[in-house]
Amino acid sequence: MRVSITSCLAHFGHEIDVEHLPLLDDLKTEIANLLRAGFSDMEIVEKLRTENDRAFYVKRYAVKNVLARMNKDGGVLEEPVDTSEVEMEARRARMLVLVALCKQYSMPQIQSGYRT
């Protein structure tokens, strides 16, 4: 007789804390189908949160893990672009430009000994 045990040796209390249980295969399949349908990771998390127990606790990284597994197994999909991530990347780019400008204009002043 074979017995399969899924365990987490780092901590305990999963019977109380459902969030830390691994994703079941049927839930991974549901996530994969939603990815194929074009849903973003945020949309999938919101959709699953309104349905049942373990799915309620799905996080964006779990959706990204399913996508990575799908791509590794040959079911290549592009990750849908999340508008909030695009906005964050644009903000990051603007901040990098501002930092570069600040460095550019403050370096000559520092080198000449002038301090504000």
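All of the numbers you see were taken from the coordinates with simple rules; none came from a lab. Small disclaimer: the values here were computed from a predicted structure and weren't measured. Don't worry about glycine lacking a Cβ; one is built from the backbone with ideal geometry, like all the others, and counts go over all protein chains shown.
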Quiz item: Say each of Glu89 and Met42 gets a label point 7 Å from the Cα, pointing the same way as Cα to Cβ; how far apart are those two points in nm?
Solution: 1.4
Self-check item: Dipole of the range 18-73 [Lys/Arg +1, Asp/Glu -1 at C-beta], most positive-end residue of Asn71, Leu24, Val45
Solution: Asn71
Self-check item: For the range 56-67, Karplus couplings with θ = phi - 60° (6.51, -1.76, 1.60), whole Hz, Gly/Pro x
Solution: 4, 9, 5, 10, 4, 5, 5, 5, 5, 5, 5, 4
Quiz item: From the backbone phi of the range 88-97, what are the Karplus-calculated ³J(HN,Hα) couplings (6.51 cos²θ - 1.76 cosθ + 1.60, θ = phi - 60°) in whole Hz, Gly and Pro given as x?
Solution: 5, 5, 5, 5, 4, 4, 4, 5, 5, 5
